[in-house]
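Here the structure comes first, spelled out in structure tokens, and everything after it is commentary.
The values are calculated or read from the model by the stated rules, or taken from the named source; none is laboratory data. On a predicted model such as this, the values are computed, not experimentally measured, just so you know. Every residue, glycine as well, gets a Cβ built from its backbone with ideal geometry; the counts of neighbours run over all protein chains shown. Areas reflect the complete protein model, heavy atoms only, side chains present, ligands, DNA and RNA absent. Shrake-Rupley method; radii C 1.70, N 1.55, O 1.52, S 1.80 Å.
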Amino acid sequence: MIEKAELQDLVRDAAACVRATNPMAPSITNTVTINFVANAQIAVGGSAAMVYLPDEGEAMAAAGPAMYINVGTLLPIYEETLPRTAARLAELGKPWVLDPVAVGIGEMRTKLLAGFKEQKPTIIRGNASEVIALADLWGLEGAGGESTVRGVDSTQGVDEARAAAVAIARYTGGAVAVSGEVDLVTDGEVVALSHGGSQFMTQITGSGCSLGGVCAVYAACAKTPLAAALAAVNVYNLAGARAEAKVKAPGSFQAAFLDELYLATPEDIAANPFDLEEA
Ligand SMILES: Nc1ncnc2c1ncn2[C@@H]1O[C@H](COP(=O)(O)OP(=O)(O)OP(=O)(O)O)[C@@H](O)[C@H]1O
Ligand SMILES: Cc1ncsc1CCO
Ligand SMILES: [Mg+2]
């Protein structure tokens, strides 16, 4: 099992590399939070580029060192864009992040998310209900749990998604990040439980979507998917807690949160409290 100090070094190095190299992590993401995703990616030191069209998804897969796909608000063109982009990413061996928003509603969403089983996303980032539902959709053994997805919000706790997250990570060989009051990140061998964040993160839309975009920025630099996902989760928990201490309500929280993402140093990000356990 990886030592905590070694994992912290990987997190710090990934965050420092992002600050030094300004990697572009292009996105195909939902229309609700697209602006917040781009701003969060930029605040941590990355750069953003959002596309919708099939040939542009393929072009971005080739252009960026990592990519982000979020199925929040599907449009008819995505039936073509998403499989073509994922196939190009797999062909090029590029890391990519999937947010399986609202898995379970609609035929196209179900078909697209079922199809991603073959391409094995490097990092899957979702709330507890989404991670449980994706493991179920993929028919993974040992996942356990019954999902009660209701739209885009979680109705379940992170603990309930632990078996599903571990099963998905063992299947993909990548990492899974489950968000909630305490965030869980796993590569199927270890489970990291990251602390911090803020109630206000549940009172603005897109803290989860933008966390996926930031996972993709770190995936451009990190030595392992686990380090990339933990760097993103740690900076979110750190910035959320710091921002909450400065504001009284959600609107100003969003602005303060972006400021704290920008201000967090690689050392701060590595030092955010987390527990490390065997999976
Ligand atoms: N109760 C809580 N206390 C502290 N932080 C929280 C809490 N719930 C969620 N968070 C933080 O909010 C961020 C997003 O997690 P959340 O589970 O809300 O994602 P989500 O449901 O996919 O969000 P969205 O779909 O609106 O983007 C994570 O960084 C997580 O740590
Ligand atoms: C509110 C909402 N609806 C579809 S995607 C999205 C952003 C949070 O997941
Ligand atoms: Mg979400």
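For the reader, a short list of remarks on this structure follows.
- Antiparallel bridges, percent of DSSP beta bridges restricted to the range 4-273 (to nearest 5): 35
- Normalised by the number of residues in the range 4-273, the average gap of Cα pairs under 8 Å and 6 or more apart makes the relative contact order 22 percent.
- Kirkwood radius for the chain, taken over all pairs of different Cα atoms as the inverse mean of 1/r, rounds to 18.0 Å.
- Cysteines in the chain lacking a second Cys C-beta under 4.7 Å: 209, 215
- Neighbourhood net charge (14 Å Cβ-Cβ; Lys/Arg +1, Asp/Glu -1) for residue 270: -2
- Near residue 121: Cβ cut-off under 12 Å, other residues only, Lys/Arg at +1 and Asp/Glu at -1. The net charge is +2.
- Evaluating 6.51 cos²θ - 1.76 cosθ + 1.60 at θ = phi - 60° for every residue in the range 267-278, the Karplus couplings come out as 5, 4, 5, 5, 8, 4, x, 8, 9, 10, 10, 6 Hz, glycine and proline recorded as x.
- Within the accessible area of the chain, the carbon and sulfur atoms contribute 52%, probe 1.4 Å, all protein chains present.
- Averaged per residue, the range 4-273 has 38 square angstrom of accessible surface, using a 1.4 angstrom probe with ligands and nucleic acids left out.
- The gain in end-to-end length when the residue 199 to residue 159 segment is fully stretched comes to 12.6 nm, 0.36 nm per residue minus the alpha carbon separation.
- Within the straight-line cut-off of under 17 Å between alpha carbons, the aspartates and glutamates reachable from residue 4 are 13, 183, 187, 189, 267, 268, 275, 277, 278, sequence neighbours fewer than 8 places apart in one chain being disregarded.
- Simple spin-label estimate for residue 252 and residue 31 gives 3.3 nm between the two label positions (7 Å along the Cα-to-Cβ direction from each Cα).
- Applying both filters, DSSP loop and at most 15 other Cβ atoms within 10 Å, to the GluC sites (Glu not before Pro) of the range 53-148 gives 141, 146.
- Note, ³J(HN,Hα) from phi for the range 205-219, Karplus 6.51, -1.76, 1.60, rounded to Hz, x at Gly and Pro: 8, x, 5, x, 4, 6, 4, x, x, 6, 4, 5, 4, 5, 5
- Anisotropy class of the range 17-88 from Cα gyration tensor, a/c 1.5 cut: oblate
- The 3J(HN,Hα) values that the Karplus relation (6.51, -1.76, 1.60; θ = phi - 60°) gives for the range 51-63 are, in residue order, 9, 10, 8, x, 5, 6, x, 5, 5, 6, 4, 7, 7 Hz. Gly and Pro appear as x.
- Residues with amide H under 5 Å from that of residue 47, placed H, sequence gap 5 or more: 24, 25
- Here's how it looks for residue 191: its modeled amide H is under 5 Å from those of 277, 278, 279, which are all 5 or more places away or on a different chain.
- For the range 188-273, the Stokes-Einstein estimate of translational diffusion at 10 °C and a viscosity of 1.306 mPa s comes to 122 µm²/s, using the Kirkwood hydrodynamic radius over alpha-carbon pairs.
- Over the range 21-174, the pair-distance histogram of Cα-Cα distances with 5 Å bins from zero comes to 2, 10, 19, 22, 20, 16, 9, 2, 0 percent, rounded to whole numbers.
- Summing Lys and Arg as +1 and Asp and Glu as -1 over all other residues whose Cβ lies under 15 Å from the Cβ of residue 34 gives a net charge of -2.
- Amide H contacts under 5 Å for residue 127, placed H, 5+ residues apart: 179
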